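Presented below is the structure to which this report refers.
The values are calculated or read from the model by the stated rules, or taken from the named source; none is laboratory data. Everything numeric in this text was worked out from a predicted model, so none of it was measured. Every residue, glycine as well, gets a Cβ built from its backbone with ideal geometry; the counts of neighbours run over all protein chains shown. Surface areas here come from the heavy atoms of the whole protein model, side chains and all, with no ligands, DNA or RNA. Shrake-Rupley method; radii C 1.70, N 1.55, O 1.52, S 1.80 Å.
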Amino acid sequence: MPPLEAWEKVFIEESFLAGYHARFGCIACHGGTGGTEEMDVAHEGIVHDPHPSNSETCQLCHAEISTAHLDSLHWDQQGYMTVLSERSAESDWDQLMVAFDNHCRECHASCGQCHISRPAANDGGLLRGHIPQKQPPMNDTCTGCHGSRVNDEYKGKNEMDEGGRYPADVHYNPGGMSCFACHTEEEMHGTEGDFDHRYDGEANPSCTQPGCHTVSAGDDVEQHDEVHLAQLSCQACHSVAYKHCYNCHVQQTEDGRPYYRVDPSQMAFKIGRNPLQSPERPWEYVPLRHVPVARDSFAYYGEDLLFNFDSRPTWAYATPHTIQRVTPQNSSCDACHGNPDVFLTEADVLPEEMAANESVIVRDVPTLP
Amino acid sequence: MPEQAWGIWSCYQVDPNCFLGGPMRRTSLLVVLVVGIGAAYMTGCAPRPDVTPGAPPPTPVTRIRSRVDEEVDDQSLVDLASRFPLSAPAGDVEVVNLDDSQCIACHTDKQAVQDLAVEPEEEEELSEGEG
């Protein structure tokens with residue numbers, strides 16, 4: 001997204017003043033000091049981004065949503081906590097949280113960071129002159145954070161090695177669907193429950209939810225037989241290559257500025273065994289994405305902080321935003337059956353990560369019956 | 001059945017509202033009159049004995065203790081603050097100035113924010129790779 005100039009970040013459209021939210025006055029939500037012409041004095045004690053639990057701001061009218069949001073993944077970052085706690089030892093947790101606070105804590109969304117301004121992780125700045133956006137503009141909010149993977153995949157911005165670009169997800173082009181066509185406000189606000197991870201609970205959104213695709217064995221698609229539908233997630237047949245990241249390390253400069261280094265990403269399509277097989281996600285094979293974590297990602301903050309690194313695959317359950325009706329792997333039976341290129345085999349896994357991925361590696365590539 | 005009672009019954013059979021203008025109405029009015037006179041006599045129409053009212057007690061005066069505790073000499077004044085479970089407001093409550101007219105005047109003035117907003121100092125990008 002194009003950066004905003006400093007003044008654009010704080011300029012308020014006069015039409016905002018005619019809206020309901022302006023009735024409370026600036027100071028009721030943002031604090032500061034009223035009745036002065038001195039800018040420094042006026043800004044004393046100012047709160048740029050009111051907390052969702054503040055009973056005098058969002059909670060005042062949107063109590064149910066802002067209360068639920070405190071337990072949503074976008075706010076409490078429980079997804080990070082789940083994977084970090086699984087990969088670490090309890091005795092190292094406090095030290096790990098020092099790293100988390102320095103590098104990851106900023107990546108969460110308050111009410112305002114979707115409905116009023118750009119996310120803080122993108123240096124903030126008011127959206128539409130402070131006029132609250134009931135549906136956040138996806139290009140200024142969602143993809144500001146979910147940029148290098150979701151945004152580039154969904155909009156077809158990833159380049160092929162052989163030239164050209166991977167196609168955009170059909171839901172975006174020609175579908176023209178924004179993030180919110182699938183990801184509902186209930187999901188974003190956390191009003192559907194308190195989850196430990198984004199793939200915790202029902203598969204939501206789901207390709208086959210009411211109003212979307214009706215798929216059943218015997219419909220007019222030849223491969224939609226009982227075996228394929230039971231064993232493969234939709235994305236295993238209908239997504240194309242997506243991004244994989246490796247070897248992220250976080251550290252600080254001597255004066256305390258946090259930064260990270262991550263290896264160049266790679267584009268690939270890999271089906272593996274389902275690491276989250278459950279009644280909600282019953283498929284045996286799903287696309288897997290290599291997540292950027294490495295055994296020594298937090299080495300700057302302490303030795304072996306990911307003590308239980310092997311307890312969780314680094315090739316993680318994925319639902320790529322690269323959906324196509326016809327894909328390389330579903331173009332013919334032979335394109336998938338007996339083709340090791342589309343499956344995650346030992347050859348794809350780094351030696352030091354073999355133990356972590358034991359459960360998701362495909363040992364015997366399915367052949368034609 | 002006596003004739004009058006039969007008359008009431010037959011009246012009711014023809015028109016359930018007939019009591020309002022029939023024999024029942026006369027009986028009801030008589031009963032109401034007797035009860036009303038009795039009640040009026042018992043509750044105030046009877047002559048009152050002569051009574052001389054006494055002096056009223058002093059009127060309670062609300063007094064909120066200030067932060068500077070002062071001795072209250074006048075015991076006739078009742079400190080009402082002690083009657084309430086919450087402490088009385090202190091004399092030095094912080095008053096928040098909610099006048100945001102200057103906030104609005106400045107932040108809606110494009111020229112003013114352009115003049116005053118300061119671009120953050122460019123920092124060398126230390127991170128490498130896609131975030």
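Brief remarks follow.
- Where A:194, A:94, A:219 fall by accessible area, highest first, once all protein chains stay in place (1.4 Å): A:94, A:194, A:219
- Reachable lysines from residue A:9, criterion Cα separation under 18 angstrom, eight or more residues apart if same chain: B:110
- Extension gain from residue A:352 to residue A:206, taking 0.36 nm per residue of separation minus the Cα-Cα distance: 49.1 nm
- The residues A:289, A:257, A:325, A:128, sorted by heavy-atom accessible surface at 1.4 Å with ligands and nucleic acids left out, run A:325, A:128, A:257, A:289 from largest to smallest.
- Most mobile listed residue (A:166, A:20, A:301) in chain A, GNM with C-alpha springs under 10 Å: A:20
- Rounded to the nearest 10 degrees, the angle from helix A:78-87 to the longest Cα principal axis of chain A is 50 degrees.
- Ellipticity estimate at 222 nm from DSSP helix runs (n ≥ 4, -39,500 (n - 2.57)) divided over chain A, nearest 500: -4500 deg cm²/dmol
- When the surface is traced with a 1.4 Å probe over the full set of protein chains, residue A:36 keeps roughly 30 Å² accessible.
- When the residues A:27, B:37 are ordered by accessible surface, computed with a 1.4 Å probe over the protein chains alone, the sequence from largest down reads B:37, A:27.
- Straight-distance crosslink candidates among lysines, where the alpha carbon sits under 19 Å from residue A:155 and sequence neighbours closer than 8 are dropped: A:243
- Counts of other chain beta carbons within 10 angstrom of each beta carbon in peptide A:263-274 average 1.
- Chain A: most fluctuating residue of A:234, A:212, A:111 per GNM, C-alpha cutoff 10 Å: A:212
- Candidates A:86, A:284, A:254: whichever shows maximal mean-square fluctuation once chain A is modelled as a Gaussian network with Cα springs under 10 Å: A:254
- Annotation: amide H-H contacts under 5 Å for residue A:46 (H modelled 1.01 Å from N, sequence separation of 5 or more, or interchain): A:32.
- Compared with the dominant Cα axis of chain A, that is its longest principal axis, helix A:93-103 is turned about 70°.
- Size of the B/A contact, given as accessible area buried on both chains, probe 1.4 Å, in Å²: 2600 Å²
- Peptide A:4-14, shielding by other chains (average Cβ, 10 Å cutoff): 5
- Within the accessible surface of the range A:228-369, defined with a 1.4 Å probe on protein heavy atoms only, the carbon and sulfur portion equals 53 percent.
- Residue mean of other protein chain beta carbons inside 10 Å, A:140-152: 1
- GluC sites (Glu not before Pro) within the range A:113-213, DSSP loop, no more than 14 other Cβ atoms inside 10 Å: A:162, A:202
- Within the range A:1-26, backbone nitrogen closer than 14 Å to the virtual label 7 Å beyond the Cα of residue A:155 toward Cβ: A:1-3
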